[in-house]
Amino acid sequence: MLKVDHLDIFYGKTQALWDVSLRVEEKKIVSMVGANEAGKTTLLNAVCGLLRPGSGSMEFMGRRIDGLAPDNIVQMGVSYVPESGKPFVEMTVAENLEMGAYPNPSWKRRKETLERVYGLFPVLRARAKQLARTLSGGERQMLAMGRSLMANPRLCMLDEPSYGLAPLMVKELFKFILMLNQQGISILLVEQNIYHALEIADRAYLLENGRITLEGHRDLFLNNDHVRKAYLGL
Ligand SMILES: Nc1ncnc2c1ncn2[C@@H]1O[C@H](COP(=O)(O)OP(=O)(O)O)[C@@H](O)[C@H]1O
Ligand SMILES: [Mg+2]
């Protein structure tokens, strides 16, 4: 459903991504793993229209999306959970969720979607009237995922959702990602936390210094000497 082909991205004259190609198939979980500064956030920003490609092409559901504005891409069914969730801290949990339904077609269905989100994340219902500022790191991530669900996405892109969370919370969070996927939503997950990201992935890509250096089934990664030494500490 998402096809990225031969993507080059520049910040001014500095190139951040080189010839990146990737696929996310319908209802699958694809993980993009790589160290800090590898270019993971850059890739997600490009897919959602925040960065213009220097060259290459991107398609979602058979339609070209490179060159479209971010809100058009959201309306097509792509949602983006940025690093650290970034809630509107002076708004309540419920108000933050409602903001997520802003793309027009989702607005009419927001009440029923909200019930679905509260069903998935009971803690958000319990905290509905609290300011987002009062939430823990893990709760903020759930809020960010809940907010992205409010737009009824077909593809959800998550940028390092486990960053800064305690190990128990990380486990919990990855269970929620699986639950999103079981709702029929495709996932493009970007992570430094390679082990968990591979555990839930149907397929994965390794991004190193702006280039894809490995792609395939997670077993290929778990059995790869370079990955084991450099990323898994085995
Ligand atoms: N806004 C920016 N302007 C200039 N360079 C940037 C900008 N954002 C990221 N970069 C550079 O692009 C490279 C990839 O960064 P990023 O995509 O944030 O990596 P990751 O998310 O994998 O940590 C890094 O070298 C980073 O310094
Ligand atoms: Mg990043």
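For the range 82-172, the list of GluC sites (Glu not before Pro) that fall in a loop by DSSP and count at most 13 other C-beta atoms within 10 angstrom reads Glu90.
FRET efficiency for Met99 and His6, Cβ-Cβ distance as r, R0 = 25 Å, nearest 0.05? For Met99 and His6, the calculated efficiency is 0.10. Label point of Asn224 set 7 angstrom out along Cα-Cβ; within the range 1-20, amide nitrogens under 19 Å from it belong to 4-7, 17-20. Below 13 Å, Cα to Cα, which aspartates and glutamates can Lys86 reach? Residues fewer than 8 away in the same chain don't count. Output for Lys86: Glu139, Asp159, Glu160. Extension gain for the segment Phe88 to Glu59, taken as residue separation times 0.36 nm less the Cα-Cα distance, is 7.4 nm to one decimal. Among the trypsin sites (Lys or Arg not before Pro) in the range 110-216, those placed in a DSSP loop whose Cβ has at most 15 other Cβ atoms within 10 Å are Lys129. A straight line joining the Cα centroids of the range 52-103 and the range 217-234 runs 32 Å.
Since every read-out is calculated from the coordinates, none of them should be taken as a lab result. Note that the structure is a prediction, hence the values are computed from the model and not measured. Neighbour counts are summed over all protein chains in view; Cβ atoms, including those assigned to glycine, are modelled from backbone coordinates with ideal geometry.
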